[in-house]
Amino acid sequence: MGIFQDDQPPELFVPDLTRPAGATVDADGNVACVTCGTKLPVARADVVGQGYRCPPCSAKADLAKLTGGPSDIDANLSASDRAGMRAFGAKFIGLGALMMVGGVLGYVAIGPLRVFGYLVVGGLGFLVFGITRYTAAR
């Protein structure tokens, strides 16, 4: 008998746990690379978010990561996950811009108060985080 007995239980977020299309293994124990489509034994394949990838494609993705080339996010996240990342980043970009504008306007209208500096610096942080998240989902 507690004061919280009538409360609803919290909603649980259960992600989509279905196997992606690239993770199917045929009867011979072979899989298809999600990047180039090459068939290879499952024991030689590298596991990525959307299925399996052949060693040459994994080497290309690692080299691209080291040299600052395009990321291999397509092999790891679905299109809906990437869209969700872009939307999340866009929210932070908007919030950061609003915080920075509010801090600058408050500084100009009211004067140099510490809270306006916090708004500008916090807004800059939100803006950088949002841009990073938005561009990572390309």
Q | Karplus-derived HN-Hα couplings along region 43-50 (A = 6.51, B = -1.76, C = 1.60, θ = phi - 60°), whole Hz, x at Gly and Pro | A | 5, 9, 8, 8, 8, 10, x, 9
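Let a ≥ b ≥ c be the square roots of the eigenvalues of the Cα gyration tensor of the chain; is it rounded (a/c under 1.5), or, if not, prolate (a/b larger than b/c) or oblate?
In terms of gyration-tensor shape, oblate.
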Q) aspartates and glutamates near K91 by alpha-carbon distance under 16 Å, same-chain residues fewer than 8 away left out - which ones? A) D81
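Kyte-Doolittle mean at least 0.5 and Cα extent at least 30 Å along the axis: which DSSP H helices of the chain qualify? Spell out each step's value before the answer.
Working: long enough: 79-109 (44 Å, 0.95); 114-136 (33 Å, 1.21).
Span-like helices here: 79-109, 114-136.
Please list 9-20, 65-76 highest first by mean number of surrounding beta-carbon atoms within 10 Å per residue. Spell out each step's value before the answer.
Working: 9-20: 6.8, 65-76: 13.1.
The most tightly packed comes first, giving 65-76, 9-20.
Can you tell me what share of the DSSP beta bridges in region 22-76 is antiparallel? A percent to the nearest 5 is fine. Write down the numbers at each step before the final one.
Numbers: 6 of 8 bridges.
Within region 22-76, antiparallel bridges account for around 75 percent of the total.
Quick check on region 22-76: take the gyration tensor over C-alpha atoms, sort the square-rooted eigenvalues as a ≥ b ≥ c, and tell me if it's rounded (a/c under 1.5), prolate or oblate. Numbers along the way, then the final one.
Working: a/c = 3.02, a/b = 2.14, b/c = 1.41.
Judged from the Cα gyration tensor, region 22-76 comes out prolate (a/c at least 1.5, a/b above b/c).
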Q: Based on other C-beta atoms within 10 Å, arrange R138, R86 from fewest to most.
A: R138, R86
Q: Sort 101-111, 26-36 for me by packing, meaning the mean count of neighbouring Cβ atoms within 10 Å per residue, highest on top.
A: 26-36, 101-111
Q: Give the percent of DSSP beta bridges with both residues in the chain that are antiparallel, rounded to the nearest 5.
A: 75
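Please label the shape of region 79-138 as rounded, prolate or oblate, based on the square roots a ≥ b ≥ c of the eigenvalues of the alpha-carbon gyration tensor (a/c under 1.5 means rounded; beyond that, a/b larger than b/c means prolate, else oblate).
Working: a/c = 4.96, a/b = 3.53, b/c = 1.41.
Verdict is prolate for region 79-138.
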Q) What does the charge add up to near G49, with Lys and Arg as +1, Asp and Glu as -1, over the other residues with Cβ less than 13 Å from its Cβ? A) -2
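Hey, fewest Cβ within 10 Å first, where do K39, K60 land in order?
K39, K60
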Q.
Projecting each Cα onto the charge dipole of the chain (Lys/Arg +1, Asp/Glu -1 at the beta carbon, about the Cα centre), which of P41, L66, V25 comes out farthest on the positive side?
A. L66
Q.
Using helices alone, I'd like the mean residue ellipticity at 222 nm for the chain: each DSSP H run of four-plus residues gives -39500 (n - 2.57), total over residue count, nearest 500.
A. -17500 deg cm²/dmol
(Q) What is the distance in Å between the Cα centroid of region 33-106 and that of region 117-138? (A) 18
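For L40, L119, what's the fewest-to-most ordering of other Cβ within 10 Å of each Cβ? Write out the running numbers ahead of the final one.
Working: L40 17, L119 21.
Listing L40, L119 from fewest to most nearby Cβ atoms yields L40, L119.
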Q) Any idea how far apart T135 and A79 come out in nm if each label point goes 7 Å out from Cα toward Cβ? A) 2.5
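Throughout, read-outs are computed from the coordinates displayed, never taken from laboratory work. Here the structure is a predicted model, which is why all the values come from computation and not from measurement. We place every Cβ from the backbone using ideal geometry, glycine too, and count neighbours over all the protein chains shown.
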